[in-house]
Structure formats: C-alpha cells, structure tokens
Amino acid sequence: MACSTTKGTLLDEAAERDKKDSTVKNFAEDPDPFEPEAEVTGLEIRSYPRGADVYLDNRYMGITPLLLDDVEPGRHKLNLKMEGYYSESEWIDYSGDYDSYYFELDEITGFLKVEAFPPEAEIKFDSFWLPAGRLHELPIGFYNLGIRAFGYEETSRPVKIYMRKVTEVRVTLKGAAFALSDLQSNRTAFNPRNAGLLGTARIRFRVTSHGSGQARITDPEGRVVLTRNLG
C-alpha cells in the first residue's frame with residue numbers, strides 16, 4: 001500500500017494531476033479545478049484502482065475519486081475497501097482547507113501450480129497462456145482454466161484461487177487423432193506449373209497431432225496438376 005497526502009490550493013494539485021492525465025472530482029457542481037480563480041476547500045480521496053468504497057469515521061461516503069466538502073477539521077479515521085483488494089486504513093488530520101490523500105490498493109492474490117502430462121502443456125488464464133509445472137501468482141477467485149499441448153485434446157478445469165494459498169491441479173491430456181483444418185491460401189487461383197508469380201502460392205493449415213499426408217492441387221476440371229507429400 002502507498003498513501004500520500006498534500007495540502008494547499010486546488011490549483012497546485014490540478015497542475016500535478018494534469019501531468020498524470022488523472023481527474024479527481026466527481027461532482028459536476030463543483031468549481032472547475034483548472035479555472036485560475038477557482039479555490040476549493042474539502043477532503044479529496046483518490047485511489048488506484050478507482051472505484052474503492054470510502055468510509056470516514058466508519059460512515060460510508062462514496063467511491064473514489066471523491067471530494068468531501070463538509071468534513072469538520074480535526075482527526076478522522078479513513079478506510080478504503082474494494083473487492084479483490086486489501087482494505088486500507090489511515091488516521092488523518094484534516095486542516096479544514098484543502099487536503100488530498102492518494103492510496104494504491106494491493107491486490108489479494110494466491111498461487112496456482114498445474115502438473116500436466118505432457119510436461120510441455122500450457123495453461124490458459126484469461127487471455128494468456130502460461131507454462132505448466134511452474135508456480136503462478138494470480139488474483140483470488142474462480143477460474144475455468146484451459147490446458148493444451150500439441151498432439152493432445154484440449155481440456156479445461158475449474159479452479160479456485162485462495163488468498164496466500166497454493167492451489168494444485170494435476171491433469172493428464174488425452175492424445176488427439178490427426179486432423180487438418182483451417183486450410184488457407186493467399187491466392188484463389190494460381191498455376192503451379194508456371195515458375196513466375198502465378199505459380200507461387202502460400203498455403204497454410206492447422207493439424208491436431210503429428211502425422212503425414214498428401215496434398216493434391218487440381219485444375220477446374222478436377223485433373224491433378226501437383227502432388228506433394230506432407231509430414
């Protein structure tokens with residue numbers, strides 16, 4: 001957790017925040033902080049990430065970024081809470097003028113280790129593929145992991161990541177039958193007997209496993225004009 005505080009006019013704070021492309025006010029009726037004549041008093045609370053619940057002296061005040069203009073000067077207890085993050089608590093001394101506090105919330109995490117066969121398998125977490133057999137630190141919560149390896153059928157496993165604990169998963173993938181799919185060519189028509197530009201084409205496809213086969217290219221009448229062994 002990181003917390004910082006500043007005291008002074010809103011113009012000073014606005015200049016610094018403008019450099020970081022961040023805004024802190026969420027009340028349309030408040031004066032524009034970038035107006036030269038504008039001066040605002042109040043207690044400002046910001047956080048990263050935004051959207052944390054703010055409690056002042058155990059009373060709910062709203063979500064960050066937040067500007068409170070009716071706080072009595074003196075000592076107050078400030079709490080920030082957000083699902084999936086550690087709560088933050090700070091005693092503050094509010095001057096009654098303009099004070100600003102900024103918190104960086106720490107995400108609650110746990111650990112995942114997937115032992116898979118084959119060992120070169122990968123784990124899909126959100127949109128990322130991670131290597132199996134290693135310890136990965138992840139945010140807490142429920143996930144549906146994808147597990148894949150070339151030559152094997154892709155599968156999935158539901159898991160729950162607990163705070164500061166290691167979740168272990170063991171998976172044995174089933175061998176996949178050989179299949180070809182997603183056949184693509186960069187040309188819709190070409191002449192493989194012509195060594196010029198019309199005789200050049202790039203053909204791509206996907207296979208599910210190791211294997212071999214034969215590629216045949218035919219003309220519009222169905223006659224074979226080129227044969228290539230694959231694998």
From (1) of a type in the set (F, W, Y); (2) part of a strand (DSSP E or B); (3) not assigned by TED's automatic domain parsing to the domain that holds A116, pick out the condition that doesn't hold for F190.
(2)
Of all residues in segment 70-95 being part of a loop (DSSP other than H, G, I, E, B) and touching an Asp or Glu at 6+ places or on another chain (Cβ under 8 Å), which is nearest to G141 (Cα to Cα)?
G84
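Let's see how each residue does on (1) at pLDDT below 95; (2) within 30 Å of V40 (Cβ to Cβ):
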residue	(1), (2)
Y102	no, yes
K113	no, no
D126	yes, no
H136	no, no
K165	no, no
E168	no, no
F178	yes, no
Among residues of segment 66-97, those that are touching a Gly at 6+ places or on another chain (Cβ under 9 Å), within 25 Å of E39 (Cα to Cα) and not aromatic (F, W, Y), counted:
11
In segment 86-130, what residues are under 15 Å from Y152 (Cβ atoms) and either assigned by TED's automatic domain parsing to the domain that holds A52 or without any contact (Cβ under 8 Å) to a residue 40 or more places away in the chain (or both)?
P119, E120, E122, I123, K124, W129
If I go through segment 174-211 residue by residue, how many of them are in contact with a Leu (Cβ under 6 Å, 6 or more places away or on another chain) and loosely packed, with under 10 Cβ neighbours inside 10 Å?
0
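Each row is one residue, and each column tells you yes or no for (1) at pLDDT 50 or above; (2) of a type in the set (G, A, S).
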site	(1), (2)
L10	no, no
D21	no, no
A28	no, yes
E39	yes, no
G42	yes, yes
R75	yes, no
L78	yes, no
E90	yes, no
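Among the residues of segment 119-139 satisfying the criterion of being surrounded by 17 or more Cβ atoms within 10 Å (Cβ to Cβ) and aliphatic (A, V, I, L, M), which is nearest to T109 (Cα to Cα)?
Let us first name the residues in segment 119-139 that are surrounded by 17 or more Cβ atoms within 10 Å (Cβ to Cβ), namely 121-123, 125, 132, 136, 138.
Next, only the ones that are aliphatic (A, V, I, L, M) stay: 121, 123, 132, 138.
Values: A121: 23, I123: 18, A132: 19, L138: 5 Å.
Across segment 119-139, the extreme among qualifying residues is L138.
Report the residue count in segment 180-226 for those that are within 30 Å of A149 (Cα to Cα) and free of Cβ contacts under 8 Å to residues at least 40 places away in the same chain.
Within segment 180-226, the first condition is being within 30 Å of A149 (Cα to Cα), and the residues that meet it are 180-186, 201-216.
Next cut, free of Cβ contacts under 8 Å to residues at least 40 places away in the same chain only: 180-186, 201-207, 211-216.
Here the count works out to 20.
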Looking at (1) at pLDDT 80 or above; (2) touching a Pro at 6+ places or on another chain (Cβ under 7 Å), can you tell me which one G199 breaks?
(1)
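The values are calculated or read from the model by the stated rules, or taken from the named source; none is laboratory data. None of these values were measured; they are calculated from a predicted model. Cβ: placed from backbone, ideal geometry, glycine included. Neighbour counts: every protein chain shown.
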